[in-house]
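Below is one structure; the comments refer to it alone.
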Amino acid sequence: MGVITLTLIASGAQSSNQGVQFWVVVACALAIALGTYTGGWRIIRTLGSGLTEIRATQGFAAEASTAATILASSHLGFALSTTQVSSGSIIGAGLGRRGSKIQWSTAGKIVIAWFITLPAAAAVGAVASGIARFGIIGLVIDAVVGAVVILGLYLWSLRKPHGQASAIEVDVAANAVYTRKELRDLQRKKRAENVAARRAELSRERTLRRMGARKGGRR
């Protein structure tokens, strides 16, 4: 919203004393919602299970620190990326949890993506601005090319649907949803099942030994 408003002011389409226009708010909200709906699950999977094991307490701490940081920066007029702040909060929450491990290789890829994003966005913006100088035809070309690229990225993201999550991701999701009492109940149930299975195995072994002893005595 800030970038679009700055562009409107720089082009003379809006006064500098005027705030963010309503259509800018709606357009940005729809764009973010559409992007999250089409490919956001990949980011959610990376942040939720790719960096570290996130449970309810770590998720709350990460989201609270992310919200506080973004609100403070917005009040001071700083521009921050929500994803970058959220990634840092999740890493910090993982470091604060005893026994948790951070996937530093995934964190390194995220940092590399941060450095690539700025020059890549600048290059795309420069090309789009150059095409837009041709007037209405240029704007149409930008819109068509943008729509094709977005559709291509969406189809490419469907190569690994979210339904094919690994067992680790499913376990992380379950830990984030279940309460502590439910987790304790599940752990007790699993231990009871393991004890029952072990007892059954020992009983079967004793039975086999007795049958073997009887056959040896008859001989």
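Which whole number in µm²/s is D for the range 79-123 by Stokes-Einstein, with the Kirkwood Rh taken over Cα pairs at 4 °C and 1.567 mPa s?
Working: Rh = 11.7 Å.
Diffusion coefficient, whole number: 110 µm²/s.
In this calculation the C-beta distance from A68 to L153 is compared with R0 = 35 Å, giving a FRET efficiency of 0.65. Simple spin-label estimate for D185 and V145 gives 5.8 nm between the two label positions (7 Å along the Cα-to-Cβ direction from each Cα). Does a label point 7 Å from the Cα of A121, set along Cα-to-beta-carbon, have any residues of the range 61-83 with amide nitrogen under 17 Å, and which are they? It comes to 70-71, 73-74, 77-83, nothing else.
Each label point was placed 7 Å from the Cα along the Cα-to-Cβ direction; for A192 and I102 their separation is 4.0 nm. With the highest mean first, a sort of the peptides 138-145, 91-98, 122-129 on other beta-carbon atoms found within 10 angstrom per residue produces 91-98, 138-145, 122-129. For the range 52-129, what does the alpha-carbon gyration tensor say about shape, rounded, prolate or oblate, given a ≥ b ≥ c as the root eigenvalues, a/c under 1.5 as rounded, and a/b over b/c as prolate? Oblate is the answer for the range 52-129, as a/c is 1.5 or above yet b/c matches or exceeds a/b.
Here, each number is a calculation from the coordinates, and none is a lab measurement. Predicted, not measured: the structure shown is a model, and the values here were computed from it. Methodologically, a virtual Cβ is constructed for each residue, glycine included, from the backbone with ideal geometry; neighbour enumeration extends over all protein chains shown.
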